[in-house]
Structure formats: C-alpha cells, structure tokens
Amino acid sequence: MGYSLLIITFFIVLRYLLLAGFFYWALWKRPPEKVHARRLAKHPPIQAIMRHEIYWSVVSSFVYAASGVWIIEAWRSGGTLIYFDVADYGVVYLLLSLPVYLFLHDTYFYWTHRAMHHPKVFPIVHKVHHESRQPTPWAGFSFHPTEAVIGALILPTLVYTIPIHGGVLVFMLVLMTITGITNHAGWELIPDKWMRGFVGRHWISATHHNAHHLNYKMNYALYFRFWDRLMGTDEMDVPAEAVVDTT
C-alpha cells in the first residue's frame, strides 16, 4: 500500500509538472505575438506566488494519490462498479456515463466550494488557494490538504454507486487536470467566437474562473455554468480592480 501511494503520487506530480509547465511556457514564456489566446491577467506571474502554488500542489498530490489507491484497491477486491468490457453496458451507456459523472462532480464541487467561502471556513480550508489572487497555470492543484481531501472524496463515492468504464474514468481524470490548469492560466484559450456561442454560455472557462479569483461571491462551479446560473452566482464581467470579499 505504501509503495503504491508513493508511485501514484510520483506520477500525479509528474503529470502536474508537465502539463502546468507546458502551459506556463506556452502562455507566459513565449513572445506575446506567438500566443493565440486572450490575456486575462494584468501582470506576469510572480515567482513567490508560483512557488506557493507548486508547493501546495505537490502536497495535494499525496491526497489525490491516496484517493487513487483507494479506488484501485477497491476495484481489485470487486467493490466498485468500474468495468473494462464495453459490452457490459453498451456503447450508449459508455457515452452517457461521462456527462453524468461530470455533472455529479460539478454539483458536488459547486456546493462544497461555495461552503468553503463561508467566513468561518474560508481561512482554514480555502485561503491557501486564494493566495493566488491572480492565479497562474501552477495553481490548478494548489489547495490546503483539507480542501484536497474534500475534493478527492467524490470519485471514490461515484465508482461505488454508478458504473463507469476504466477508459472513461482515466479520460475524466485527465480532463480534470487540464481544466484545473487552463482555468487558472491567466489567458483565455477558448476562441472569442466560441465564447459568444454554446461553449461559452455553458462551459466554465478561464474568463469565468478568473472572475471568481477577483470576486469570491460568484462563479463557484467547475465544468458547467448551470448551478451558478440557477443560484444567481454567475458573472463574467468583473473589473480587475474588483474588491475581494469572502463573506
């Protein structure tokens, strides 16, 4: 068990460093004229903030690795609904299972994230993440261990209750990582035309999440704008000088 935890932690950290490092280089280290994206951040990343983000991201990786070990060991013992034969549930279910998992994860994330902004909870659980007032690609995993544990509980719960193909589960984990990194990148990678269309109206983008780092009373979701719109916490137009208010 101990070796499994260390091995999985190593690969999670490696995945984080490679992906976050790539987006940091592609967006911040190349000449601006070569970056085909819309800049959101007012200033370039600060070294002290990036060190903070990397440190807490590595710490969080141990938590995510423990969740991974939990899922693997439960699968080995036959305690989960993870499967590998598409014929078990069919192609239609395979395709539908991803949006179902994403929506349930998004629902869990919205409500736990919003609860973390309660004035009595925020300083203990969520303040570490918001030290990145202007986040960088390194901020995707930058969480206090308590927040990381809360975030890591959802997938083990789902694999016990809703069947999912192993390939879909891996795809979802990769999507989670890329989403976490790009939504903190300080640049909007989604083309403006898409932002004005279906994708921008329904999918959480860097623009949407960047607004949350400027004003804590809005934009709590992870993948979709559904819960923010339903609960009146959806906002895209936040001025750079917005005052952060944790209450």
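Which of the residues that make up segment 85-95 are closer than 16 Å to Ile162 by Cβ and either surrounded by fewer than 10 Cβ atoms within 10 Å (Cβ to Cβ) or among the small types (Gly, Ala, Ser) (or both)?
Gly90, Val92
Given the condition modelled with pLDDT of 95 or more and among the basic types (Lys, Arg), answer yes or no: does some residue in segment 228-240 qualify?
Taking segment 228-240 and keeping what is modelled with pLDDT of 95 or more, we get 228-234.
Among the residues that remain, those that are also among the basic types (Lys, Arg) are: 229.
Among the residues of segment 228-240, at least one is modelled with pLDDT of 95 or more and among the basic types (Lys, Arg), which makes the answer yes.
Which of (1) buried (at least 20 other Cβ atoms within 10 Å of the Cβ); (2) touching a Ser or Thr at 6+ places or on another chain (Cβ under 7 Å) does Met195 not meet, given it meets every other one?
Failed condition: (1).
If a residue must be of a type in the set (D, E, K, R) and surrounded by 17 or more Cβ atoms within 10 Å (Cβ to Cβ), how many such residues does segment 22-53 contain?
In the first step, residues of segment 22-53 are kept if they are of a type in the set (D, E, K, R); the result is 29-30, 33-34, 38-39, 42, 51, 53.
Checking the rest, the ones that are also surrounded by 17 or more Cβ atoms within 10 Å (Cβ to Cβ) come to 53.
Total meeting the criteria: 1.
Scan segment 40-64 for residues that are closer than 13 Å to Pro137 by Cβ and not in a loop (DSSP other than H, G, I, E, B) and jot them down.
Ile49, Met50, Glu53, Ile54, Ser57
For segment 130-214, which fully contained helices (runs of 4 or more DSSP H) count at least 3 residues that are over 30 Å from Arg76 (Cβ atoms) and of a type outside the set (Ser, Thr, Tyr)? Reasoning before the result, please.
Values: elements: 145-152, 154-161, 166-182, 192-195, 198-202, 206-214.
Once the helices (runs of 4 or more DSSP H) in segment 130-214 are filtered for at least 3 residues that are over 30 Å from Arg76 (Cβ atoms) and of a type outside the set (Ser, Thr, Tyr), what remains is 192-195, 198-202, 206-214.
Return a yes/no flag: does segment 14-21 have any residue that is within 19 Å of Leu189 (Cα to Cα), at pLDDT 95 or above and surrounded by fewer than 17 Cβ atoms within 10 Å (Cβ to Cβ).
Checked against the condition, which is being within 19 Å of Leu189 (Cα to Cα), at pLDDT 95 or above and surrounded by fewer than 17 Cβ atoms within 10 Å (Cβ to Cβ), segment 14-21 yields at least one hit.
Given Leu153, Leu102, Leu169, which one is touching a Phe, Trp or Tyr at 6+ places or on another chain (Cβ under 6 Å), closer than 30 Å to Thr80 by Cβ and either modelled with pLDDT under 95 or among the hydrophobic types (A, V, I, L, M, F, W, C) (or both)?
Details: Leu153 fails: touching a Phe, Trp or Tyr at 6+ places or on another chain (Cβ under 6 Å); Leu169 fails: touching a Phe, Trp or Tyr at 6+ places or on another chain (Cβ under 6 Å).
Residue meeting the stated conditions: Leu102.
Going through segment 67-126 one residue at a time, which ones are among the aromatic types (Phe, Trp, Tyr) and either under 28 Å from Phe143 (Cβ atoms) or assigned to a helix (DSSP H, G or I) (or both)?
Trp70, Trp75, Tyr93, Tyr101, Phe103, Tyr108, Phe109, Tyr110, Trp111, Phe122
The values are calculated or read from the model by the stated rules, or taken from the named source; none is laboratory data. Just so it is clear, the structure is predicted and the values come from calculations on it, not from any experiment. Quick reminder, even Gly has a Cβ in these numbers, built from the backbone with ideal geometry, and neighbours come from all protein chains shown.
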